[in-house]
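Right, one structure below, let's go through it.
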């Protein structure tokens, strides 16, 4: 069944794009995780145990909710496929990422860095001190690479395996990891469980995303072999290996140098470079978008094929 639901989700993503209304489950997830964080933080156990309860509660809530909705719709197979597809679509972030990044590139060309940051801040936290063209371009491409791994490949991978429940399990763990703040000072113990589970769930999709970007690299003048070699060479260069795979793949495919965590001012002394070329310009953002769409198409085909095999 998942293969048909994935197809429905992809059609909705391209037809409707991402509708982040107030009622959107992704927005509700933010409120839920914030509330659960407060509740679990008051439990009288160690911070690490509190964090484990927190991520387990968040994951179970969204998995059980999506499973219950599918159970209610199970009396009709067409309705079940449609509902499953809609929920997978709501867990995706594919077209929104490209829309925000292209909007940022347009805004920079038209109005400068300040307007470009408005779009980019909706994707990830960015230091307001980022003002030059190279920094804006690097931030935009970093966002594309990271979201392609976390919000496209991972969502499609888990949707193909287990439909909406697994897709929302992954989304809930990502949200829990962000809320728990494992890398923030004083939060490492509470966020430990979320970070570990997030790492485990992102392990296969991160490597799949790098391979897909490599296959798509000729669309922007890159080389499959060079991109894969770059990923293999630099795969252990970052403390965040899963996100690093996709970032290195994008950098090598485009022939530019990206600086991971350049969007976080507190990490200025911990930047790690990916790629060997020049710092990107706005023209490279448009090339990155072409690469993103090509890789998205390949990821979609791979997810449909995987869903068909497992059906």
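Spin-label point model (7 Å from Cα, Cβ direction): what's the residue 74 to residue 281 distance in nm?
With each label point 7 Å from Cα toward Cβ, the separation is 5.8 nm.
Using 1/(1 + (r/R0)^6) with R0 = 41 angstrom and r between the beta carbons of residue 99 and residue 49, what's the FRET efficiency to the nearest 0.05?
The calculated FRET efficiency here is 0.50.
With a ≥ b ≥ c the root eigenvalues of the C-alpha gyration tensor of the range 44-106, is it rounded (a/c under 1.5), prolate (a/b larger than b/c) or oblate?
Note, shape of the range 44-106 comes out oblate.
Taking 0.36 nm per residue of separation and subtracting the Cα-Cα distance, what length does fully extending residue 34 through residue 233 add?
67.8 nm
Note the full-extension length gain between residue 64 and residue 293 as 0.36 nm times their separation in residues minus their Cα-Cα distance, in nm to one decimal.
79.2 nm
Would you kindly state how much longer the chain becomes between residue 109 and residue 86 on full extension, computed as 0.36 nm times their sequence separation minus their alpha carbon distance, in nm to one decimal?
4.7 nm
State, to one decimal in nm, how far the label point of residue 199 lies from the label point of residue 121, with both points 7 Å from Cα in the Cβ direction.
The two pseudo-label positions are separated by 3.2 nm.
Among 159-166, 58-65, 286-293, how do they line up by average Cβ neighbours within 10 Å per residue, starting with the highest?
Descending packing order for the listed peptides: 159-166, 286-293, 58-65.
Using only Cα atoms, locate the centre of the range 76-116 and the centre of the range 134-149, then give the distance between them in Å, rounded to an integer.
Centre-to-centre (Cα) distance: 15 Å.
Read the figures in this text as sums done on the coordinates, not as results from a lab. Since we're looking at a predicted model, the values are computed, not measured. Neighbour counts are summed over all protein chains in view; Cβ atoms, including those assigned to glycine, are modelled from backbone coordinates with ideal geometry.
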